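J.: The structure follows.
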Amino acid sequence: MRLATWNVNSVRARVDRVVAFLERSQTDVLAIQETKCRDEQFPVGAFEAAGYEVAHVGHSAWNGVAIASRVGIADVEAQFAGQPGFAKPAVPAADDAPAEAPDPEPAATLLDVPPPVEARALGATCGGVRVWSLYVPHGRAVADPHYAYKLAWLGALRRAAADWLADDAAAQVALVGDWNVIPLDTDVYDPAAFAGHTHVTPAEREAFAAFADAGYAEVTREHLPAEHTYTYWDYQQLAFPRNKGLRIDFAYTSPALRERVTGVVIDRDERKGKGASDHVPVIVDLADAATPAPRGSRA
DNA sequence: ATGGTAGAGTTTCTA
């Protein structure tokens with residue numbers, strides 16, 4: 001089975017390119033990020049015409065994650081257990097009197113309404129694999145509330161992922177997508193350019209590495225360990241021709257699924273030409289699920 | 001020359 005992940009940066013702007021990729025690469029299951037559309041806007045017809053079923057969650061022109069599969073799609077979940085929402089911080093009026101003590105009992109409505117969960121995670125079982133299409137929050141800036149949200153989001157995902165393994169140590173789970181973390185200095189064209197920015201802080205790198213502590217293996221680096229192997233190039237300043245990229249798209253797998261990985265391909269050619277996404281597909285090839293060997297058949 | 005790209009709810013936001 002061929003499993004891939006791709007931040008497409010608008011599925012409507014790139015539907016022809018995405019379907020062409022599916023057919024050319026013979027991908028069975030594609031996790032898609034940044035669809036940038038609501039559910040009713042998703043161009044599902046083009047996928048169905050190519051033989052793929054689609055599950056999607058999208059609330060607006062931002063975020064949006066999907067899974068397209070030609071090996072079945074079942075038990076769809078539009079968020080993981082404990083997935084945090086993002087609450088816009090209250091903006092005090094410019095003439096707020098600082099002398100006044102804060103209200104010890106804020107309006108009940110503010111406490112009763114949980115922050116909205118964004119369309120950043122979609123789970124579905126495809127061909128026997130529990131696939132999660134993930135679009136980790138960007139963080140924007142270290143001092144921005146979105147940065148704390150990013151760390152909380154990664155922590156919550158790790159706890160959920162650990163629970164899945166605790167429930168079933170043999171589970172076939174793939175956590176794939178745009179992680180918005182640069183795990184190593186060799187995953188960025190120039191570490192100095194990111195000093196003081198998000199994606200490279202110790203807290204983000206620890207939050208990313210914690211998935212390994214939870215029992216998952218990041219298989220794209222296992223199979224493609226070369227330094228400066230990028231999956232994203234900014235649209236600006238000729239970043240792609242100058243190969244000023246980032247490695248931020250990854251695939252963590254459970255132990256049972258890791259055993260099935262036979263290879264990984266980063267489809268760098270998809271960054272070329274007019275109408276490319278700023279990310280390229282990351283492809284994980286899986287051997288057929290092992291069948292129990294007859295007793296005593298092998299050492 | 002303080003920009004530069006792309007997509008979307010385009011009189012501005014997000015990345």
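J.: For chain A, divide the Cα radius of gyration by the Kirkwood radius and give the resulting Rg/Rh value with two decimals. Kindly include the intermediate steps, with their values, before the conclusion.
T.: Details: Rg = 20.4 Å, Rh = 20.3 Å.
Rg/Rh for chain A comes to 1.00.
J.: Ordered by packing density, taken as the mean number of other Cβ atoms within 10 Å over each peptide's residues, highest first, how do A:261-273, A:179-191 rank?
T.: On the way: A:261-273: 15.5, A:179-191: 18.2.
The peptides rank, most packed first, as A:179-191, A:261-273.
J.: Can you give me the relative contact order of region A:245-292 as a percent, contacts being Cα pairs under 8 Å and 6 or more apart?
T.: Numbers: 43 pairs, mean separation 18.3, N = 48.
Once normalised by length, the contact order is 38 percent.
J.: Taking amide H atoms as placed 1.01 Å from N in the peptide plane, list the residues 5 or more away in sequence, or in a different chain, whose amide H sits under 5 Å from that of A:Val200.
T.: Here the answer is A:Ile182, since their amide H atoms fall under 5 Å of that of A:Val200.
J.: Compute and list, largest first, the equivalent-ellipsoid semi-axes of region A:179-299 from the alpha carbon gyration tensor, each √(5λ) rounded to a whole angstrom.
T.: Values: eigenvalues 208, 71, 19 Å².
Semi-axes (√(5λ), whole Å): 32, 19, 10.
J.: Now a separate question. Just flag the trypsin sites (Lys or Arg not before Pro) in region A:139-192 sitting in loop per DSSP whose Cβ has no more than 16 other Cβ atoms within 10 Å.
T.: Numbers: sites: A:Arg140, A:Lys150, A:Arg158, A:Arg159; in loops: A:Arg140.
Answer in residue order: A:Arg140.
J.: Student exercise: in chain A, how many lysine pairs 8 or more apart or on different chains have Cα atoms under 28 Å apart?
T.: Taking chain A as the scope, the lysine pair count is 9.
J.: In debye, nearest 20: dipole of chain A around its Cα centre with unit charges on the Cβ of K, R (+) and D, E (-)? Write down the numbers at each step before the final one.
T.: Details: 28 positive and 40 negative charges, 230 e Å.
Dipole size: approximately 1100 debye.
J.: What's the long-distance tail for region A:119-251, i.e. % of Cα pairs beyond 21 Å? Mind showing how you got there, number by number?
T.: Values: 3757 of 8778 pairs.
Result for the distance tail: 43 percent.
J.: Let me ask something else about it. Just to check I understand the Karplus step: with θ = phi - 60° and J = 6.51 cos²θ - 1.76 cosθ + 1.60, what whole-Hz values come out for region A:118-134, glycine and proline as x?
T.: Karplus-based 3J(HN,Hα) across region A:118-134 equals 7, 7, 10, 8, 9, x, 7, 9, 10, x, x, 10, 7, 9, 10, 8, 10 Hz.
J.: To the nearest 500 deg cm²/dmol, what mean residue ellipticity at 222 nm is calculated for chain A from DSSP H runs of n ≥ 4 alone, each contributing -39,500 (n - 2.57), summed and divided by the residues? Mind dumping the intermediate values first?
T.: Working: 7 runs with 66 residues, N = 299.
Theoretical 222 nm ellipticity from helices: -6500 deg cm²/dmol.
J.: Whole-Hz ³J(HN,Hα) for each residue in region A:21-30, computed from phi via Karplus 6.51 cos²θ - 1.76 cosθ + 1.60 with θ = phi - 60°, x for glycine and proline: what do you get?
T.: 4, 4, 6, 5, 8, 6, 7, 8, 9, 10
Values in this text are rule-based calculations from the coordinates and carry no lab data. These numbers come from a predicted model, not from an experiment. A quick note on method: Cβ atoms are made from the backbone with ideal geometry, for glycine too, and the neighbour counts reach across all protein chains shown.
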